[in-house]
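To keep things clear, I will list the structure first and then write my remarks on it.
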Amino acid sequence: SLVVDPEMLARSLRIFESKSPVLARRRLSTKSNVEITEEVRNALNNGRAVVALESTIITHGMPYPDNVKCALEVEGIVRSRGAVPATIAIKSGRIKVGLNESDLNELGDTESSKPVKTSRRDFAYVISSKRNGGTTVCGTLIVADRANIPIFATGGIGGVHREAESTLDISADLQELGRSSVAVVSSGVKSILDVPKTLEYLETQGVFVATFGHTKDFPAFYSIKSGCTAPYNVASAGQAAAIIKSSRDLELKSGILLAVPIPDEHALDSDQVNLVIDRAVREAKEKNVRGKDITPFLLAEISRMTEGKSLKSNVALVKNNARIAADIAVELASLQE
Ligand code: PSU
Ligand code: MN
């Protein structure tokens, strides 16, 4: 009961990349559209620590060039902790697992790359029309799961929106977490969302939710507390790795959400930031912003209203999450030796 069974991995990589012409003919579709960099593939084949990273945060979560700078720094942090970063994105209709610096620069320059925010429902379109795509948490989970990468780091996940009882706006991230054998390290969900409803939804989907650190206070992205409590608390990277291993050994095939509070020195005052968020949410409603455009709209508005303070906090928490995800990945790799 290895965390990553080398044979299974080799098989899934073979199918996934369709090296064999016979397989390639039998498996048309997206499976032949995946490129795993040599660095990532070697790490996976040798049971070394890999951390997947999402790319909607690059294409739709932050402005250029801050987005590219952040992505490169995050990759550097993952490496410095002894793991291999695998940023997942779509380039000209090909799914990439691992991006180099020029890929990141091209994708991040969104004026010219015109990337599509790619969640489950968007894949077929982006691939078939050979467009560029930033994969959401949902999209990244799909690819990471198929590539057998057990952990990924991001800033915040999507969730149940406020007033979802009338709009039905519930991020596809939540259902994907319910059916992916991947652990996500994030700073919880923003209060642009309904946090209690999001936690209820995750419970229904069978997602293991825990705070990472010293308290069960579920974080609210820019601020340390959301007023909600997580069902569990995980105190160390070793404990997190043991839970991920058990979940995989049991073949539960449902995800894990580890919520890491933003480092104290970068946290925003929650009353102040909530006022800004309320204003941004009202504005979105007035302008009739809907569907996939809501989150990017709110992020940009909040950054504008806080004169960039929220963007700085965003960068700081992503880096912190990447460091923790890398530590967990290293512990996980050591469990399979
Ligand atoms: N929250 C953030 N930053 C982000 C996102 C969410 O603070 O960049 C992105 C993530 O990629 C997440 C996606 O998966 O938005 C959710 O979008 P939607 O609510 O449309 O599913
Ligand atoms: Mn939505």
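The values are calculated or read from the model by the stated rules, or taken from the named source; none is laboratory data. Values in this document were obtained by computation on a predicted structure and should not be read as measured data. Cβ coordinates were reconstructed from backbone atoms using ideal geometry, including for glycine residues, and neighbour counts include every protein chain displayed.
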query: Hey, does segment 317-337 have a residue that's over 21 Å from ARG81 (Cβ atoms) and touching a Phe, Trp or Tyr at 6+ places or on another chain (Cβ under 9 Å)?
result: no
query: Taking segment 103-135 as the region of interest, how many residues are assigned to a loop (DSSP other than H, G, I, E, B) and within 16 Å of ligand 1 (Cβ to nearest atom)?
result: 3
Condition met for VAL189 (free of Cβ contacts under 8 Å to residues at least 40 places away in the same chain and either within 26 Å of ILE302 (Cα to Cα) or touching a His at 6+ places or on another chain (Cβ under 8 Å) (or both)): yes
query: Does ARG48 count as among the charged types (D, E, K, R) and within 16 Å of ARG146 (Cα to Cα)?
result: no
Complete set of residues in segment 179-198 that are farther than 20 Å from ILE294 by Cβ and either within 16 Å of ligand 2 (Cβ to nearest atom) or hydrophobic (A, V, I, L, M, F, W, C) (or both): VAL182, ALA183, VAL184, VAL185
query: Which residue out of LEU257, LEU299, LEU317 is within 15 Å of ligand 1 (Cβ to nearest atom), closer than 23 Å to ILE58 by Cβ and modelled with pLDDT under 95?
result: LEU299
- prompt: Does ASN274 qualify as being over 26 Å from PRO65 (Cβ atoms) and either touching a Cys at 6+ places or on another chain (Cβ under 9 Å) or not in a helix (DSSP H, G or I) (or both)?
  reply: no
message: I want to confirm something. Restricting to segment 281-321 and keeping residues that are of a type in the set (Gly, Ala, Ser) and in a helix (DSSP H, G or I), which single residue is nearest to the chain's Cα centre (by Cα)?
response: ALA316
